[in-house]
Amino acid sequence: MRFGLLIGVLFFTMVSCFNDTDDNGGYTGTPVTLEVPQIFEQNILPPVIPEDNPLTEEGIALGKKLFFDPILSADNTQACADCHRPENAFTDPRRFSFGIDGSIGTRNSMPLFNLAWNYNERFFWDGRALSLEEQIFDPVRNPIEMANTWPNAESSLQANNEYPQLFEEAFGTSTIDSTMVTKAIAQFLRTLVSANSKFDRYLLGQEELTPSELNGLDVFMDEARGDCFHCHGNPNNPLWTDNIFHNNGMDETITDLGLGGFSGDPREFGLFKSGSLRNLAYTAPYMHDGRFATLDEVIDHYSEGLVFSETIDPLMKNVAEGGAHLTEEDKADLKAFLLSLSDPSFINNPDFQE
Amino acid sequence: MKKIALLLCLSIAFMSCESDDDNNPPDNVSVEFTFTHNWDGDNITNADFDQIQYTNENGEQQSISKLVYLISDITFTDSDGNSFDAGDYNLVDVRSNSNLDFTPDIQIPPGDYTVSFTFGFDDEDNESGIYLDLNSADGGWNVPEGLGGGYHYMRLEGMFIDNTSAEVGYQYHVIRANDNSTNPITLQDTSFEVNLGTISVGTTSTNVEVQMNVAEWFKNPNTWDLNVLNSVLMPNFAAQILMFENGSNGVFDLGVVTTVD
């Protein structure tokens, strides 16, 4: 409120001091306000929408079409959605995805939801993309993914009989460039909001949890047992990730340098972004390299599989013994709680299907 | 408060349009605080994190990998006993250099004040879930409801060499002392007031350096043994009292005050 007042007064000041020339030449389509779910509104800061890429109806629709269209790949065979499938909360059930020529990557694909709430705006497992728009430049020209060049992608779109008109409607010009492509897709990705899990409804007082799920929450929040909340959120931070980078004790010898490979800082070797625990029911396999096929394997890792390496996070406890050694009951309950964070209405949302 | 903000903005608005050369009393001013950190006098910056280079009072070698803490209610009290307090708070993250500078959202008349702040949140402010920016910070700066809720005061983490020569993590997490073995839970407000002494606030600008000596958390009056107290300290009532005693005994000092009239 005070801030609003300040803006208002400053605006007044500007108007009264300067002759305002209206150089707002930028065309914008029909503005859309991202609907913020109640559970986010009550608990966390508003989403990050860059000033130079506001959401519009036309932009979102165009971004969605591009996301599902193989036209961006070199040989017209692969769409973003091939490695980011709606039914898997927009990740790939395969451990490693295949590029258009069958080449195989070394990292598991990532689920895509609540991306506008990644306040740090570090994308990829290693954080090397500093905005969503920047991230989207990568897969199109990545040789092991869509293996295209941007000039080539631009001319395919330009030559298409629908796209020039759709870009005209979204951005006010039918001359297509890569920046507009990434902006449109980013707009669509920002609409992928997931906030309707059983646990969300529990927090809103609309549904009960089972005793097992409730005990699982206790394990999650207990420093002596799971202590997951110091990295993966809590009921007041229902993103269920800190979007920060850690080494969670998976390897004695680090091969994929993660954040450190991008920053060059040895203190960051082997650090990866904590994944969100939402929608785990659909996003197996787990971790940056998809090494764990099931949630049980993940829980066993934290319970007795931790190993020491130079950059391990100090939050990883009892590393010499492999972890906290949860009881079988605690493990089962933790799993039940984690699964209560999955949101079937997200993967079935017709707005997000091709 | 809102009226003050409006008046202030209007006065800025006028100043920016007209040249001012009147003889009214000096305008109210804001005061900037800069938080600096050291280990017994050695400055701590980003490059010092994750290096096992410090020896604590008990003799263990240790590193710092994370140092994030909350301060609140910076209060200015003048010689007539009037106090000014914006009632706001600041979450300092030393490794990422965020919020090392903080200007409380209040303007006060230039002059001499005794200045204090609260380390953490006192019970009046330490209410679960009500600060959306803190809920969003660091994956959630919250304390589990089972431990009385509210917010962390500090997360100091790193590695140390234990008495078997193994490199082990520690989590020196400071929160409100709680004992949940009693019903209802026993809570004790272990935030504390830091008194910086008298500071003269200038007519143009004032910057106040607040120093934290991290070594003091392990030193005085309680010599801290990381071999015993390294982990699961949040639910440990006795450990929180020790932290409170050490924290309120010389961890913070007033540094350089720069005043421009």
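The values are calculated or read from the model by the stated rules, or taken from the named source; none is laboratory data. In this text, all values refer to a predicted model and were calculated from it rather than measured experimentally. Note that we place each Cβ from the backbone using ideal geometry, even for glycine, and neighbour counts take in every protein chain shown. Note: areas computed on protein heavy atoms with side chains; ligands, DNA, RNA excluded. Shrake-Rupley method; radii C 1.70, N 1.55, O 1.52, S 1.80 Å.
For the peptide A:310-322, the mean number of other protein chain Cβ atoms found within 10 angstrom of a residue's Cβ is 5.
What per residue convex hull volume, in Å³, do the alpha-carbon atoms of region B:152-261 yield?
Spelled out: Cα convex hull of region B:152-261, divided by residues, is 123 Å³.
Which whole-number percent of Cα pairs in region A:198-347 have a distance greater than 24 Å? Summing the P(r) tail past 24 Å for region A:198-347 gives 31 percent. Each part gets one Cα centre, and for region B:200-221 versus region B:76-107 those centres are 12 Å apart. Ranked by the mean number of other Cβ atoms within 10 Å of their residues, highest first, the peptides A:323-329, A:165-171, B:68-74 fall in the order B:68-74, A:165-171, A:323-329. For the listed residue pairs A:LYS273/A:LYS335; A:LYS273/A:LYS317; A:LYS183/A:LYS273; A:LYS331/B:LYS219; A:LYS331/B:LYS66, the alpha carbons are over 27 angstrom apart in A:LYS331/B:LYS219; A:LYS331/B:LYS66. Would you mind checking the tilt of helix B:2-17 against the longest principal axis of the Cα atoms of chain B, expressed as 0 to 90 degrees and rounded to 10? The angle comes out near 60 degrees.
Ligands, DNA and RNA are left out, and with a 1.4 angstrom probe the accessible area of the protein assembly as shown is 44 Å² per residue. Which is the longest part of chain B that has none of the GluC sites (Glu not before Pro) sitting in a DSSP loop with at most 14 other Cβ atoms within 10 Å? That gives B:128-261 as the longest site-free run.
One way to sum up the overall shape of chain A is the equivalent ellipsoid from its Cα gyration tensor, whose semi-axes run 37, 26, 20 Å, largest first.
How many percent of the alpha carbon pairs in region B:34-260 exceed a separation of 22 Å? Don't jump to the answer; show the numbers that get you there.
Details: 13591 of 25651 pairs.
In whole percent, the long-distance tail amounts to 53.
For B:GLY149, what is the net charge nearby, where nearby means another residue's Cβ is under 10 Å from its Cβ and Lys, Arg count +1, Asp, Glu -1? So the environment of B:GLY149 carries a net charge of -1. Comparing B:ILE130, B:ILE199, B:ILE175 in a Gaussian network model of chain B (Cα springs below 10 Å), the most mobile by mean-square fluctuation is B:ILE130.
Remark on B:ASP88: its backbone amide H falls under 5 Å from those of B:ASP73, B:ILE74, B:ASP105, a criterion applied only to residues 5 or more positions apart or on other chains, H modelled at 1.01 Å from N.
Take every Cα pair under 8 Å whose residues are at least 6 apart in sequence, average their separation, divide by the length of chain A, and the relative contact order is 19 percent.
Using C-alpha pairs under 8 Å with a sequence gap of at least 6, the mean separation divided by the residue count of chain B gives a relative contact order of 22 percent. Chain A contacts chain B over a buried accessible area of about 3000 Å², both sides summed; the probe is 1.4 Å and only protein chains count. Relative to the longest principal axis of the Cα atoms of chain A, the long axis of helix A:2-17 lies at roughly 20 degrees.
For chain B, the carbon plus sulfur part of the accessible surface works out to 46%, probe radius 1.4 Å. For the protein assembly as shown, the ratio of Cα radius of gyration to the globular rule of thumb 2.2 N^0.38 Å stands at 1.06.
Of all the accessible heavy-atom surface of region A:198-347, with the other protein chains kept in place and a 1.4 Å probe, what percent is carbon and sulfur?
Values: 3100 of 5660 Å².
Percent of accessible area from carbon and sulfur atoms in region A:198-347: 55.
When the trypsin sites (Lys or Arg not before Pro) in region A:145-235 are filtered for DSSP coil states and for at most 12 other beta-carbon atoms within 10 Å of their beta-carbon, no site remains. Along its principal axes, region A:142-275 has C-alpha extents of 60, 46, 20 angstrom, given from the largest down.
GNM remark for chain B: springs join alpha carbons under 10 Å apart, and the peak mean-square fluctuation among B:LEU91, B:LEU187, B:LEU156 falls on B:LEU187.
Using only Cα atoms and rounding to the nearest 10 degrees, what angle (0 to 90) does helix B:237-247 make with the longest principal axis of chain B? Tilt relative to chain B: about 50 degrees.
The mean sequence separation of alpha-carbon pairs under 8 Å and at least six residues apart, normalised by the residue count of region A:38-193, gives a relative contact order of 30 percent. Note on A:217-227: average number of Cβ atoms from other chains within 10 Å of each residue's Cβ is 4.
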